[in-house]
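To start, the structure itself, in structure tokens.
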Amino acid sequence: MASASLSRATSDPQSSNTTATFSVWLKRNGLGSDQTFWGGSYYSTDNMFILKFSSDDKLQVYSKRGASVKASLKTTRVLKDISAWYHIVIGIDTTQASAADRIKVYINGVQETLFSTNTQPSQDENLYLDSGAGANYYIGQRGGNAEYFDGQMAHFHYADGTTYTPTTFGETDATTGIWKPKTAPTVNYGNKGVFLKFDNSANMGLDSSGSARNFTTSGTIIQTKDTPNNVFATLNPLLKLSSVTFSNGNNTASHTSTGHQSIFSTIGFSAGKYYFEGKLVSVGNYPAIGFGSDTDLPSAFLGGSADSVSYFYDGTIYKSGSDAGGTFASFTTGDIIGVALDMDNNNVYFSKNGTWQNSGDPTSGSTGTGAISTTAGVKLFGVDVYGATTTWSTNFGNGFFGTSAVASAENPDDGNGIFEYDVPAGYRALCTKSLNAEEYS
């Protein structure tokens, strides 16, 4: 959503400008810039009510009218985990006698009490949740095409006129202990409130509050399989050098300089069987795909250590920095490479455009037909973007290469994930549901 957003005109009468609740699940992609996820009634830089991540990656609630700041709360903690979903709840009731009770901030069900900036509103303060000036509500930007949110959203609630706590919207999973959404909470949305699930790919602005307050989409918003209930791996922008850029929800990586750059997944595993795909968008120099260990560095070439294996564009398989042998075809721009890693037997298999190389059979178990062996330990899927203009687009099960949906829509046995090519029996997408199934089986 880095250049996309949703908007709606605010012509309905407001229930309250002193009492409201906002609840949303967010997964961040980009860091280090001002990113607004709710631009309420913005109509100038001097008149706004916004919810945002500031450039120092802190959560901020901000209300301003003319030269007067009505409220400004910024957390002390930073929110830089790009591998997880955050549940943000903002409870507003300026009628409260105690200043500390007028705006409450919750993250993953827990109230924040430490703020680097803590300007609570005056009692009965009008926070201009609705400006009354014909401005729009925005989701995914501040307004004025500024401060776009870079990430994913799920279950956006705005309750106009009522204050709720996080337990209205979320609960703890009895098995995993993870905080998760309630899919159908009981909420009074008031005159202007909305509930956007983002579950209709044909209408991402569809309001599910029962009042048909639909939002209009601007730009391209992609519906992915990644949700707060099932987090999929992406490439990890926190483990990189400065010459690599990320896009498309951190599923595409491009190199702008020379030298090896190994980019690894946000999720790793040490047991079970997992599969992912990479599409080579541009060749540059020596692109490769495979996996590394949790001790490999981003500046090393993929396949350079004893714990990693890579399939280079010329058909060479590298392990411990040397050719591991076997018969593997070369690949180039537009080719899709599948990687099936069996950590129950410490074997890896590679496919090119759906054909398993080296006469490989990923279902051969301990026999390892056509496999390249590897070591035990924690493994991370990855790509090598050696040289300027090398670009990989990965699919860990979200069903997209860049902004293009896969054509074949193949699913693993457990149904979690969408891939271009058939997933071998017994292999899974690298996501939390599949990992939990492995852990609790």
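Laboratory data are not the source of any read-out in this text; all were calculated from the coordinates shown. Nothing here was measured: the structure is a model prediction, and the numbers come from that model. With ideal geometry, Cβ positions are generated from the backbone for all residues, glycine too; neighbour counts draw on all protein chains shown.
Values computed for the structure shown
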item	result
Within-15-Å neighbourhood charge of Asp160 [Cβ basis; K, R +1; D, E -1]	-1
FRET efficiency, 1/(1 + (r/R0)^6) with R0 45 Å, evaluated for Ser322 and Asn203 via beta carbons	0.25
Expected 222 nm ellipticity per residue - DSSP helices of 4 or more, -39500 (n - 2.57), all of the chain, to 500	-500 deg cm²/dmol
Radius 13 Å from Cβ of Ile336, net charge of other residues (Lys, Arg +1; Asp, Glu -1)	-3
Rounded if a/c under 1.5, otherwise prolate or oblate - segment 32-114, Cα gyration tensor axes	oblate
Protection proxy ranking, peptides 379-390, 244-255, average beta carbon neighbours within 10 Å, highest first	379-390, 244-255
For peptides 115-126, 49-60, sequence by mean Cβ density within 10 Å, most packed first	49-60, 115-126
Karplus (6.51, -1.76, 1.60) ³J(HN,Hα), θ = phi - 60°, over segment 114-125, in Hz, Gly and Pro reported as x	10, 10, 6, 10, 9, 9, 6, x, 5, 4, 6, 5
Label-point gap, in nm, between Asp46 and Thr367 - each point 7 angstrom along Cα→Cβ	7.8 nm
For segment 376-397 and segment 52-129, distance of Cα centres in Å	38 Å
Ellipsoid semi-axes in whole angstrom, largest first, where each is sqrt(5λ) of the Cα gyration tensor of segment 274-331	17, 14, 12
Max mean-square fluctuation residue, GNM over the chain, Cα-Cα springs under 10 Å, options Leu127, Leu297, Leu430	Leu297
FRET efficiency, 1/(1 + (r/R0)^6) with R0 35 Å, evaluated for Asn145 and Thr119 via beta carbons	0.80
Cα Rg, Dmax (largest Cα-Cα span) when computed across segment 182-265, Å	18.4, 57
Under 12 Å, Cβ to Cβ, from Gly354 - net charge with Lys/Arg +1 and Asp/Glu -1	-4
Shape category assigned to segment 108-253 from the gyration tensor of Cα positions, a/c cut at 1.5	rounded
Share of pairwise Cα separations in segment 294-441, more than 18 Å, in percent	59 percent
Length released on extending from Ser218 to Ser11, taking residue separation times 0.36 nm less the Cα-Cα span	72.6 nm
Segment 5-218: radius of gyration and largest Cα-Cα distance (Dmax), Å	15.8, 50
Cα centroid separation - segment 412-433 against segment 245-278, whole Å	18 Å
Cubic angstrom per residue, convex hull over Cα atoms of the chain	135 Å³
Trypsin sites (Lys or Arg not before Pro) within segment 77-153: DSSP coil, no more than 14 neighbouring Cβ in 10 Å	Arg77, Lys80
Additional length obtainable on full extension of the chain from Asp344 to Glu112, 0.36 nm per residue less Cα span	79.3 nm
Rounded FRET efficiency, nearest 0.05, which uses the C-beta distance separating Ala4 from Ala300 and R0 of 51 Å	0.90
Gyration tensor verdict on segment 115-196 (Cα atoms; rounded if a/c is under 1.5, prolate if a/b is larger than b/c, oblate otherwise)	prolate
Length added when fully stretched, Asp81-Thr258, from 0.36 nm per residue minus Cα-Cα	60.9 nm
Per-peptide average of other Cβ atoms within 10 Å, ordering 266-272, 185-191 highest first	266-272, 185-191
Pair Ala100, Asp56: separation of 7 Å Cα→Cβ label points (nm)	2.2 nm
